[in-house]
Structure formats: structure tokens, C-alpha cells
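What follows is a set of notes on a single structure, which appears directly below.
The values are calculated or read from the model by the stated rules, or taken from the named source; none is laboratory data. Fair warning: this is a prediction, and the values are worked out from it, not measured in the lab. Glycine gets a Cβ as well: all are built from the backbone with ideal geometry, and neighbour counts include every protein chain shown. What goes into the accessible areas is simple: the full protein's heavy atoms, side chains included, and nothing from ligands, DNA or RNA. Shrake-Rupley method; radii C 1.70, N 1.55, O 1.52, S 1.80 Å.
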Amino acid sequence: MEIIIQPTAEAATSVAARIIARLLREQPNAVLGLATGSTPVLLYRELIALKLDWRKVTTFNLDEYVGLPPEHPQSYHSFMWENLFRHINISKQNIHIPDGNTKDIPKFCAKYENQIQAAGGVDLQVLGIGTDGHIGFNEPTSSLASRTRIKTLTPQTRKDNARFFGSEDAVPHHVITMGIGTIMEARQNLLLAFGQGKAKAIAEAVEGPITAINPASILQMHPVTKLCLDEGAASRLKRADYYRWVFDNKPGWQRW
Ligand code: GLP
């Protein structure tokens, strides 16, 4: 894991945007895994401002609520179109977001996995993290080998996401999410986390044991995972000074 600690969310986002921009310039047909939530909003804003060429890029979103119409303002379909897709030159047929209204969820999930494979796999997966350590919507105790499937949100996640829906009651209970096994097959993972509210989940994921109780901890087993953190999210890391030194002293050829 490469732990990149920056003074602010803006600075951490810029590092992440540079990594993605470089990938898209070097590999114009890259396959990106995308995330939602408040964390990547800044990232998408920065990527839009960079005016990259998205014509050949393929995207797969991590997750979607079950039962929300795609045009619902809090669906992840709406989120992605509002925050990224409508501002870039991506081809509509290259965009993939789980269908939370499919009649046959297992069949849809198997197809989603096949589509990822057919596209050549995910080159870079953007991730946020829940306060309970979830990635995508893989809640604590999710199988670390799981594939795309239906999941039931924990009360904590429904509470965390109530701010988007106006009330906790309005937050759906069920979601479709890429599995942890699916995420682990991405060639590169880029996890962003900002604010003290994420500090415990990050400390456990980075410096704790690998456990399904903190699903993000499985990223310790991934060969190319970068975490872009602000000071708040990094505040409970015991070895923060070491991570800072490593980043500040990277050999020139390792920079981006
Ligand atoms: C949601 C999403 C996750 C996201 C997490 C954190 O539940 N499914 O992909 O990482 O919550 O959200 P936020 O960035 O708003 O803190």
C-alpha cells in the first residue's frame, strides 16, 4: 500500500487526478472503475477541468441502490451523470452502472462481471471508504472473495447516507455492489479518504489485521494500491511520519 498524506482534501485529490490523467494519456482506452459518495466529487471536478480525452475510455461503477429509479436525484446513475459524464466526451455505450431496477439481480450481476472481463478488466479502480471500512457497498463481514451481488446496508451506512436523502427512512436497504474479489482484480486501486470521520476506518484498514470486519483491509493484499488522504483521515495512522518520508523522497522515476 502506498499511503499519500496531503495537507488538504484538495491536495490529496490533485495527486489522485494526476495519477488518473497520466493513465488516460498513456492508455487512451483504459478501463476505469468509478466510485460515488461525497469524496470523489472534487476528483471528478478536477478531471473535468483537465479536459482529458474520454472517447475510448470504458467505465464501470462500483454500486447502485436497488429500487431507486435511475432519474432519482440520489441514484448513482444521476450522481455520475451530474458530477462527471455530462461534462466529458465519453461514449454512452462505454458507461456501465449496476441496474438497481433489474428484474433478475443474480443474472444481472453475472452479466456485469462478464462485461468487466470482456472489457479486459479494470485498469484503475477509484474507491472511497465508509466509516465502517466498507468499499463499494461491501459492508463489514462481506466475503473477501465476493463478486458483484446484492447487499443489505448496515444501520451505520444508512445513517451516514441519510444526509443525501433527507431522512434515514428514505435510504434504501438494498444495493448492488461489485464484490471485494471483483475490486481486488483491478490492476490498480486508488482510495481517497478525507476528514477525521474516516480516520478510524483508515487506521484499521492500513495498520490493522486483514479482516472482513474492515473490508478495506483486504487492500493490504493488493499489489498496487494507493491511498490519497488528507490530514484528518490520516490522523490515527501510527506510522504517518514514515509514509510522509517515503512520499517526499520517491526516486524521480517513480513520480508521476
Ligand atoms: C457510499 C458508497 C461508497 C463510498 C462511501 C463513502 O456508501 N457506496 O462507495 O465510498 O459511501 O461515502 P462518502 O464519500 O460520502 O463519505
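Counting charges near Glu46 (Lys, Arg +1; Asp, Glu -1) among other residues having Cβ under 14 Å from its Cβ returns a value of +3. Compared with the alpha-carbon gap, the fully stretched path from Asn89 to Ala119 is longer by 8.9 nm at 0.36 nm per residue. The local environment of Arg236, defined by Cβ-Cβ distances under 14 Å, has a net charge of -1 under the rule Lys, Arg +1 and Asp, Glu -1. Residue pairs exceeding 18 angstrom between C-alpha atoms, taken from Lys151/Lys200; Lys226/Lys250; Lys92/Lys226: Lys151/Lys200; Lys92/Lys226. Taking Lys and Arg as +1 and Asp and Glu as -1, the other residues whose beta-carbon sits under 15 Å from that of Pro209 total 0.
Potential lengthening of the chain between Trp81 and Asn29 amounts to 16.7 nm, from the contour at 0.36 nm per residue minus the alpha-carbon distance. Across Pro215, Pro40, Pro69, mean-square fluctuation computed from a Gaussian network of the chain (C-alpha pairs under 10 Å connected) peaks at Pro69.
With helices as the sole contributors, the chain gives -10000 deg cm²/dmol at 222 nm; each DSSP H run of n ≥ 4 counts as -39500 (n - 2.57), and the sum is divided by every residue. Distance between the 7 Å Cα→Cβ label points at Ala170 and Arg22: 4.2 nm.
Comparing Met221, Met80, Met178 in a Gaussian network model of the chain (Cα springs below 10 Å), the most mobile by mean-square fluctuation is Met221. Listed values for segment 182-198 are Karplus-derived 3J(HN,Hα) couplings in whole Hz (6.51 cos²θ - 1.76 cosθ + 1.60, θ = phi - 60°), namely 5, 4, 5, 7, 4, 5, 8, 10, 10, 9, 10, 8, 10, x, 4, x, 9, and x replaces Gly and Pro. Surface composition of the chain: carbon plus sulfur atoms contribute 53% of the solvent-accessible area (1.4 Å probe, protein chains only, all chains present).
Pair-distance distribution of segment 73-120: all C-alpha pairs, bin width 5 Å, starting at 0; shares per bin in whole percent are 5, 18, 24, 21, 22, 10, 2.
A compact globular protein would have a Cα radius of gyration near 2.2 N^0.38 Å; the ratio found for the chain is 0.95. All C-alpha pair distances within segment 190-256, sorted into 10 Å bins from zero, spread as 20, 52, 25, 3 percent across the bins. Each Cα pair of segment 141-188 feeds into the Kirkwood radius, which the Stokes-Einstein equation turns, at 25 °C and 0.890 mPa s, into a diffusion coefficient of 206 µm²/s. Of all DSSP-defined beta bridges confined to the chain, some 30% are antiparallel rather than parallel. Per residue, segment 2-250 exposes an accessible area of 44 Å² to a 1.4 Å probe, with every protein chain left in place. About its Cα centre, the dipole of the chain is roughly 480 debye, where the only charges are +1 on Lys and Arg Cβ and -1 on Asp and Glu Cβ.
Take every DSSP beta bridge whose two residues both sit in segment 150-256; close to 45 percent of them are antiparallel.
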